[in-house]
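Asks: Below you will find the structure I want to go over with you.
What follows draws every value from the coordinates through simple rules; no lab data is involved. All values reported here derive from a predicted model rather than from experimental measurement. Positions of Cβ are backbone-derived with ideal geometry, glycine not excepted, and every protein chain shown enters the neighbour counts.
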Amino acid sequence: MIERFAVKVSPSEGEAIVRSGGSEYRITLADLEVSGITDGAEINDAALLFLSEAEEKLRCIKKAFVYLSYKAHSVKAMAQKLKRCGFSEDAVEKTLFLLEKKGYLDDYALCAEYAAAIQKQKGYGVLRIKKELYAKGFNGDCIENAISGLDETPEELVTEILRKKFPHLDPDDRQARAKATAYLAARGYDYEEINNAISAFKEE
């Protein structure tokens, strides 16, 4: 007796359930169309392999949306989480491609958002911001794009930090100047930015 597929389509969910004997596969309608499987079609090994991979991909996509419901993720962070869930390399790769294509994963936008937040909330300089963004898994292009979009100029920001942290700073006091320089350098400002800000502070 020839075994055949039974296909049930759910357009509202964008999914289809394909049954083959005692097995059941839930896949996307897009994958159903790609597979060429129709209700009553004869079961074959190639189709079963496709269904198995398509089902895993759909589970992977749904898991990704669970993570996205809590917060935005970088591509790298999402990949790491999905792999820890046991999804195959292929399923993760296809899921990431789909989410990027649909705009659910956007490293450039997210990186820019993080850069602005780090600068505003922590008062870090460019060097420290870059370090923080690299630690979050963003690539160099995303980081440079994010840095170029920051609004405030370093000198204004450094001067403001000096006023708050060292309100009585005497720029001519070498020990006090060294202490202020070390503090600002640790926050990601280069020495030219620091010296300019201290000079501006002195002129005030």
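Asks: Express the relative contact order of the stretch 105-204 as a whole percentage, based on alpha carbon pairs under 8 Å and six or more residues apart in sequence.
Replies: 33 percent
Asks: With a cut-off of 8 Å between alpha carbons and a minimum separation of six or more residues, what is the relative contact order of the chain in percent?
Replies: The normalised contact order for the chain reaches 14 percent.
Asks: A follow-up question, please. Would you calculate, for the chain, the mean residue ellipticity at 222 nm contributed by helices, counting each DSSP H stretch of 4 or more residues as -39,500 (n - 2.57) and dividing by all residues, to the nearest 500?
Replies: Taking each H run of at least 4 residues, the total per residue is -20000 deg cm²/dmol.
Asks: Against the longest principal axis of the chain, how steep is helix 174-186, in degrees 0 to 90 to the nearest 10, with axes from Cα atoms?
Replies: 10 degrees
Asks: May I ask you to compute the full-extension gain from Lys122 to Glu156, defined as 0.36 nm times their residue separation minus their alpha-carbon distance, rounded to one decimal in nm?
Replies: Once the chain is fully extended between Lys122 and Glu156, it gains 10.8 nm.
Asks: Working from Cα positions, state the angle (0 to 90°, nearest 10) between the long axis of helix 154-165 and the longest principal axis of the chain.
Replies: So the helix axis and the longest Cα principal axis differ by about 70 degrees.
Asks: What ranking do Asp107, Asp173 get, fewest neighbouring Cβ atoms within 10 angstrom at the top?
Replies: Lowest to highest Cβ neighbour count: Asp173, Asp107.
Asks: Setting aside same-chain residues fewer than 8 positions from Lys101, which aspartates and glutamates have a Cα under 14 Å from its Cα?
Replies: Glu93
Asks: Separate question: Length gain on complete extension for the stretch Ile2 to Ser88, per 0.36 nm per residue less the alpha carbon to alpha carbon distance?
Replies: Here the answer is 27.8 nm.
Asks: Something else: Can you give the charge dipole size of the chain about its Cα centre, rounded to the nearest 20 debye, using +1 on the beta carbon of Lys and Arg and -1 on the beta carbon of Asp and Glu?
Replies: Computed about the Cα centre, the dipole is about 880 debye.
Asks: Which loop-located GluC sites (Glu not before Pro) does the stretch 88-168 contain, where loop means any DSSP state but H, G, I, E or B and the Cβ has at most 16 other Cβ atoms within 10 Å?
Replies: Here the sparse-neighbourhood loop sites are Glu152.
Asks: Would you work out which of Ser69, Tyr25, Ala6 lies farthest towards the positive end of the dipole of the stretch 6-101, given +1 charges on the beta-carbon of Lys and Arg and -1 on that of Asp and Glu, about the Cα centre?
Replies: Positive-end residue among those listed: Ser69.
Asks: Among the lysines, select those whose C-alpha is under 26 Å from the C-alpha of Lys179, and discard any that sit fewer than 8 residues away in the same chain.
Replies: Candidates past the 8-residue exclusion: Lys120, Lys122, Lys130, Lys131, Lys164, Lys165, Lys202.
Asks: Most mobile of Lys101, Lys63, Lys76 per a Gaussian network model of the chain (Cα springs, under 10 Å)?
Replies: Comparing Lys101, Lys63, Lys76 in a Gaussian network model of the chain, the most mobile one is Lys101.
Asks: For Thr38, Thr159, what ranking results if the residue with the fewest other Cβ atoms within 10 Å of its Cβ goes first?
Replies: With the fewest neighbours first, Thr38, Thr159 line up as Thr38, Thr159.
Asks: Let me ask something additional. Could you tell me the distance between the Cα centroids of the stretch 16-74 and the stretch 82-159, to the nearest Å?
Replies: 31 Å
Asks: Give the list, by residue number, of cysteines in the chain with no other Cys Cβ closer than 4.7 Å, or say none.
Replies: Taking the Cβ cut-off of 4.7 Å, the unpaired cysteines of the chain are Cys60, Cys85.
Asks: Hey, another quick one. Rank these for me by crowding, Ile2, Ile43, going from fewest to most other beta carbons within 10 Å.
Replies: Ascending number of Cβ neighbours within 10 Å: Ile2, Ile43.
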